[in-house]
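For reference, the structure is listed below as structure tokens.
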Amino acid sequence: MTRLPEPLTLTAPHGEGSVLSYGAHAMSWAPGGHEPVLWVSSRAATETGRAIRGGVPVCFPWFGPGRTGEMTPAHGFARITEWHLDEQGQDDAGNAFASFSLTPQDVSEQLRESFPYEFSATLRMTVGSALCLDLRVTNTGDETFEIEEALHTYLSVGDATRVRVHGLDGVTYHDKVTGEQRTQSGDLTITGETDAVFAHRGEVRVLDPALGRTLVVSKEGSDSTVVWNPWQDKAVGMSDFADDEWQRMLCVEAGNVMGSPVRLAAGESHVLVQSIEVEPLAEDDAAPQG
């Protein structure tokens, strides 16, 4: 293993962020005048060969242990592989961007055995007053294949126990903690270990009274919304997670996972987009619900 490369800084008039070529991994973003929006563990890996705890890991071509429950490494090989920086600059709106690419030739032979298909993947990160992540996967071979994918976004929050996730009311989800299928009622709150895959295509709003802000998470090309927080006991058992850090993060992830994989025939492409904006917390949203 070697030390991780230095992140590439992206600076625009209305925001700043950084991204690593290792995993095409967004490490930070904050719009002008705001606190950081992405969270990274104080114990995150600093060497290659390990996944980074925080920021936005790219999960591909499977999620977790895959739909068979037997795939390794967890969340696929994209997040532990060096991507190529193809382009960086400013777009017509003045936002800063960087684009990275990955092909099977970039992946170790051992890892490629688990996904023996020809593909190309590109990740474009755009920063300004909003953060936009655009993941495009193309089947460059002759065989049809299925993938799972997710932009595993770690959001920085003031107090996870006070956060409310709005936009999931009435949505069915798979509770990975209990193994049960459930239906969400009202805003989602974090009251224990949370690992839920929602059959959900829409926007969610993370209401954070401790920081006085709302994080608006919208997406395209996604049939799954994943919400994750390890809570206290699980955090204590994780080597790349300080014991109390679960209180200051919440994962809200755009993806296509479990029962919603993406099927790509030869020559077909799929685009997954997730964007985040920061708004002031409305006065009505600051009050506890009950």
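May I ask you to give the percent of accessible area on the chain that is carbon plus sulfur, with a probe radius of 1.4 Å?
Result for the chain: 44 percent of the exposed heavy-atom area is carbon or sulfur.
Take ARG162, ARG201 and sort them by solvent-accessible surface of the protein heavy atoms, 1.4 Å probe, largest at the top.
So the residues, ranked largest to smallest area, are ARG201, ARG162.
Name the long-range amide H neighbours of ARG213: under 5 Å, sequence gap of 5 or more, or other chain; modelled H, no Pro or chain starts.
ASP208, LEU281
Which values, in whole Å and largest first, are the semi-axes of the equivalent ellipsoid of segment 41-86 obtained as the square root of 5 times each eigenvalue of the Cα gyration tensor? Numbers along the way, then the final one.
Numbers: eigenvalues 75, 40, 16 Å².
Whole-Å semi-axes of the equivalent ellipsoid: 19, 14, 9.
Near the amide H of PHE77, under 5 Å away, which other amide H atoms are found, from residues 5 or more places off or on another chain, if H is placed in the peptide plane?
Long-range HN contacts for PHE77: PHE60, TRP62.
Among THR103, PHE119, PRO13, whose Cα sits farthest toward the positive end of the charge dipole of segment 2-156 (+1 at Cβ of Lys/Arg, -1 at Cβ of Asp/Glu, about the Cα centre)?
PRO13
Please report the projected area of segment 1-98's Cα convex hull averaged over all directions, in nm².
Its Cα hull, projected and averaged over all orientations, spans 7.4 nm².
Once phi is turned into θ = phi - 60°, what whole-Hz ³J(HN,Hα) does the Karplus curve with 6.51, -1.76 and 1.60 give for every residue of segment 119-131, x standing for Gly and Pro?
8, 9, 10, 10, 10, 10, 10, 10, 10, x, 5, 10, 10
Around GLN232, under 12 Å between beta carbons, what's the net of Lys plus Arg minus Asp minus Glu among the other residues?
That works out to -4.
When mean projected area of the Cα convex hull in nm² is calculated directly from the model, which label among [x] 18.4; [y] 14.9; [z] 17.3 fits?
[y]
The values are calculated or read from the model by the stated rules, or taken from the named source; none is laboratory data. Every value quoted in this text rests on a predicted model; they were computed, and no experiment measured them. With ideal geometry, Cβ positions are generated from the backbone for all residues, glycine too; neighbour counts draw on all protein chains shown. Heads up: the accessible areas ignore ligands, DNA and RNA and are worked out on the full protein's heavy atoms, side chains in. Shrake-Rupley method; radii C 1.70, N 1.55, O 1.52, S 1.80 Å.
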